[in-house]
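Take a look at the structure set out below.
The values are calculated or read from the model by the stated rules, or taken from the named source; none is laboratory data. Quantities reported herein were computed from a predicted structural model and do not represent experimental measurements. Here the Cβ positions follow ideal geometry from the backbone for every residue, glycine too, while neighbour counts run over all protein chains shown.
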Amino acid sequence: MEKIPFVTKQQLEQIIEQFPTPFHLYDEKGIRANAQAVREAFAWNKGYKEYFAVKATPNPFLIQILHEYGCGCDCSSMTELMLSDALGIRGEDIMFSSNDTPAEEFVFANEIGAIINLDDFTHIDFLEQTIGKIPETISCRYNPGGEYRISNGIMDNPNDAKYGFTKEQLFEGYQRLKEKGAKRFGLHAFLVSNTVTNDYYPALARTLFELVVEIKQKLGIAIDFINLSGGVGVAYRPQETPNDIRAIGEGVRKVYEEVLEPAGLGNVAIYTEMGRFMTGPYGCLVTKAIHEKHTYKEYIGVDACAANLMRPAMYGAYHHITVMGKENAPCDYKYDITGSLCENNDKFAIDRMLPKIEKGDLLVIHDTGAHGFSMGYNYNGRLWSAEVLLKEDGSAQLIRRAQTPEDYFATFDCFDILKDMRYPK
Ligand SMILES: *Cc1c(COP(=O)(O)O)cnc(C)c1O
């Protein structure tokens, strides 16, 4: 499928008059339409809830938009809990799916009434000692080990993943939690990341539904909610077919009717914790070509770098690039598109066929709406970019300003160096 930016060149030229490049731009219209589609796809399940994985895009404006469609927050750290709480999203609207969790985070999660999703068997006692009780509602994260296959393809190796309880621990864990006073139970698993197939959720659902039936038979404990977590992916490459959330919802419904209902478990609520699927395609990194370099290869240097988008450097991830205004020009130049970090992996694209790029051209790097800005870091003293929302009415709103040198140096306030700092005009 051809990848077309959600913003036109003309719109971008107006936006950059207000907000200099680089910045992440988000598409309000796209986020809303997708959130609505997710809600409809699972409307067959009475208790359905999507907990947006805050780590994907921890921006209050975007979280607020998603909240209008019934989304809660999936938090993994103290600051994510604080952000959600400050937005008034609390209580069972928060799923606290963390791992290697510090005690104070359990305390705060409990204080604001979040559903705690335990990553490990030993956390049962740790939680009880930390907050003085086991909450009435509690969830456990399952790791089946081995390889996870759907039909004939192996998808991932849960065996190597640090997350979750083994099956034996899970059975013992629920029993223990019940003895300690828990009354409502959840089951959670995240087995594969960025799946581009409508079969992942239904296959995961079958694994979890069958397990829930077994738990009921062996322990007499009826699980109240099943959290399919994240992992629904995005078609980063033009030749991939995007996931169809309606087909995914229908696929889960079939397995629900086949496995849970006959076992008398037709009241189980389905939860999801999607991040990437909720915002990934509805964000892009807007950057400008500032240098061209001809050595053993052809390079285009842009004003963004891996500090603004780490995925290509970290995972070799593909992000499609559109040179604005040259959509119909032949892609007859082979470029490495580079940032300025003193790291040779700071390349948004390697050997990418693109139209001839001139200095000053605007480049749109696609699908940065999740795990984009949020993975940013400050290596080389590079600062975080701004985040801008392209609103439904076509106007642009700053939803996070760019980091400034003052922000960057602020943690040196224990030295008196700050008074000597000279800032460029
Ligand atoms: C990262 C994460 C998610 C979201 O994953 P996506 O691939 O962005 O959908 C959900 N749940 C947990 C526990 C996670 O760590």
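Within segment 217-300, considering only strands (runs of 3 or more DSSP E) that don't extend past its boundaries, which have at least 3 residues that are within 16 Å of the ligand (Cβ to nearest atom) and surrounded by 14 or more Cβ atoms within 10 Å (Cβ to Cβ)? Talk me through it step by step, then tell me what you get.
On the way: elements: 225-227, 269-272, 283-294.
Hits in segment 217-300: 225-227, 269-272.
Here is a list of conditions, (1) under 23 Å from E17 (Cβ atoms); (2) within 20 Å of the chain's Cα centre (by Cα); (3) away from the ligand (no atom under 16 Å from the Cβ), and A307 meets all of them except one; can you say which number that is?
Exception for A307: condition (1).
Residue by residue, here is whether (1) among the acidic types (D, E); (2) touching a strand residue (DSSP E or B) at 6+ places or on another chain (Cβ under 8 Å); (3) exposed (fewer than 15 other Cβ atoms within 10 Å of the Cβ); (4) over 26 Å from A53 (Cα atoms) holds:
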{"position": "D351", "(1), (2), (3), (4)": "yes, yes, yes, yes"}
{"position": "V364", "(1), (2), (3), (4)": "no, yes, no, no"}
{"position": "I399", "(1), (2), (3), (4)": "no, yes, no, no"}
{"position": "P405", "(1), (2), (3), (4)": "no, no, yes, yes"}
{"position": "Y408", "(1), (2), (3), (4)": "no, no, yes, yes"}
{"position": "D413", "(1), (2), (3), (4)": "yes, no, yes, yes"}
{"position": "D416", "(1), (2), (3), (4)": "yes, no, yes, yes"}
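When you go through (1) modelled with pLDDT under 95; (2) in contact with a strand residue (DSSP E or B) (Cβ under 9 Å, 6 or more places away or on another chain); (3) more than 24 Å from C75 (Cβ to Cβ) one by one for K167, which number turns out not to apply?
(1)
Tell me the helices (runs of 4 or more DSSP H) entirely within segment 16-124 that contain at least 2 residues that are over 18 Å from the mean Cα position of the chain (by Cα).
Working: elements: 28-41, 60-68, 78-86, 103-111.
In segment 16-124, 28-41, 78-86, 103-111 are the helices (runs of 4 or more DSSP H) which contain 2 or more residues that are over 18 Å from the mean Cα position of the chain (by Cα).
Just to be sure before I move on: is D393 loosely packed, with under 11 Cβ neighbours inside 10 Å and farther than 22 Å from V54 by Cα in the structure I sent?
On the way: loosely packed, with under 11 Cβ neighbours inside 10 Å: yes; farther than 22 Å from V54 by Cα: yes.
It is true that D393 is loosely packed, with under 11 Cβ neighbours inside 10 Å and farther than 22 Å from V54 by Cα.
Which members of segment 125-144 meet the condition of being in a loop (DSSP other than H, G, I, E, B) and either touching a residue at least 40 places away in the same chain (Cβ under 8 Å) or within 16 Å of the ligand (Cβ to nearest atom) (or both)? Even if it seems obvious, please write down each step before you answer.
First pass over segment 125-144, keeping only residues in a loop (DSSP other than H, G, I, E, B): 132-136, 143-144.
Result: K133, I134, P135, E136, N143, P144.
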